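A short reminder: the numbers here are calculations on the coordinates, not readings from a lab. This is a predicted model, so every value here is computed, not measured. All Cβ positions, even for glycine, are placed from backbone atoms using ideal geometry, and neighbour counts span all protein chains on display.
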Amino acid sequence: MPAANVHGDGLHLQLSGADVNFLAATCRMPGIIVLAAAAPFRAIFVDEFPDSLRPRAIYIAGETGHAWAASMVCPCGCGDMIQLNLLPQVRPCWQVETHEDGTVSIAPSVWRQQGCRSHFFVRRGRIDWC
Ligand SMILES: [Zn+2]
């Protein structure tokens, strides 16, 4: 069945691509190789955070200009959900900037105090590890 084989190969390639994207920003731990950067993180505006978050997306809750929190899946691949407070009167507090191409920058850096302890910047949707 040549046609079925071709179809199967195409599907396999697509799945491999998705896996590579998900692993693109691997933790800088000994023995783990950081793969080339994949698709940038883009903003998704929501009223409330969904139960499960898509990888390579930064969810921003609240109205434009009045966002109160951001959420993302940890880019190291550990699968943990990271939530960032955006309200200036609450510490710690981050600023999220969305760009015309839909990518996101976050300042200051994100430094997890629990779990994988990842420390990284998000600049125009790219993860810069510290
Ligand atoms: Zn992590």
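For the stretch 84-110, the set of residues classified as without any contact (Cβ under 8 Å) to a residue 60 or more places away in the chain, surrounded by 12 or more Cβ atoms within 10 Å (Cβ to Cβ) and not aliphatic (A, V, I, L, M) consists of Asn85, Cys93, Trp94, Gln95, Glu97, Thr98, His99, Ser105, Ser109, listed by residue number.
State whether the residues of the stretch 46-56 include one that is within 14 Å of the ligand (Cβ to nearest atom) and of a type in the set (Asp, Glu). No, the stretch 46-56 has no match at all. Within the stretch 77-96, being within 16 Å of the ligand (Cβ to nearest atom) and either β-branched (Val, Ile, Thr) or touching a strand residue (DSSP E or B) at 6+ places or on another chain (Cβ under 8 Å) (or both) holds for Gly79, Asp80, Met81, Ile82, Gln83, Leu84. Within the stretch 97-130, being more than 11 Å from the ligand (Cβ to nearest atom) and assigned to a loop (DSSP other than H, G, I, E, B) holds for His99, Glu100, Asp101, Gly102, Gln113, Arg124, Gly125, Cys130.
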